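Taking it in order: structure first as structure tokens, then the write-up.
The values are calculated or read from the model by the stated rules, or taken from the named source; none is laboratory data. The shown structure was predicted, so the numbers you read here are calculated from the model rather than taken from an experiment. Neighbour counts run over all protein chains shown; Cβ positions are idealised from the backbone, glycine included.
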Amino acid sequence: MTKTIEIVTFRLAPGVTDEAFVTETMAMERNFLGKLPGFLDRDTGKSKDGDWIVVLHWASPEDAQNSMDKFVGNEGTKSFTAMIDMPTFKMTRYELRDHYE
């Protein structure tokens, strides 16, 4: 199995505050994402220009894809997804080739 890094970038939907988004992110992580097989960790950040980035680490590419299959259309993720300006959403996956701590 190859660890997988998933990079997601986006902007928030009009009217969504940073605070509301972070609160929803934390709920979604704890109630949905963190319970999925192969989930390792997730970081969320914001640039000074208002762009958001989420970096996820998965145990395998299959775990990453299975998470997306379960995420889309799930009742527990609709509030989170509604906060994202979907035309700005971009996701890319990478195979981990090196890790240094």
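Any residue at all in region 76-92 that is over 18 Å from residue 10 (Cβ atoms), assigned to a strand (DSSP E or B) and touching an Asp or Glu at 6+ places or on another chain (Cβ under 7 Å)?
no
Kindly check whether there is at least one residue in region 51-62 that is touching a Phe, Trp or Tyr at 6+ places or on another chain (Cβ under 7 Å) and either modelled with pLDDT of 95 or more or closer than 17 Å to residue 15 by Cα (or both).
yes
Taking only region 4-52 into account, find how many residues are in a loop (DSSP other than H, G, I, E, B) and in contact (Cβ under 8 Å) with a residue 12 or more places away in the chain. Steps first, please.
We begin by selecting, within region 4-52, every residue in a loop (DSSP other than H, G, I, E, B); these are 11, 13-17, 32, 36-38, 47-51.
Then keep just the ones that are in contact (Cβ under 8 Å) with a residue 12 or more places away in the chain; that gives 11, 13-14, 16, 32, 36-38, 50-51.
Here the count works out to 10.
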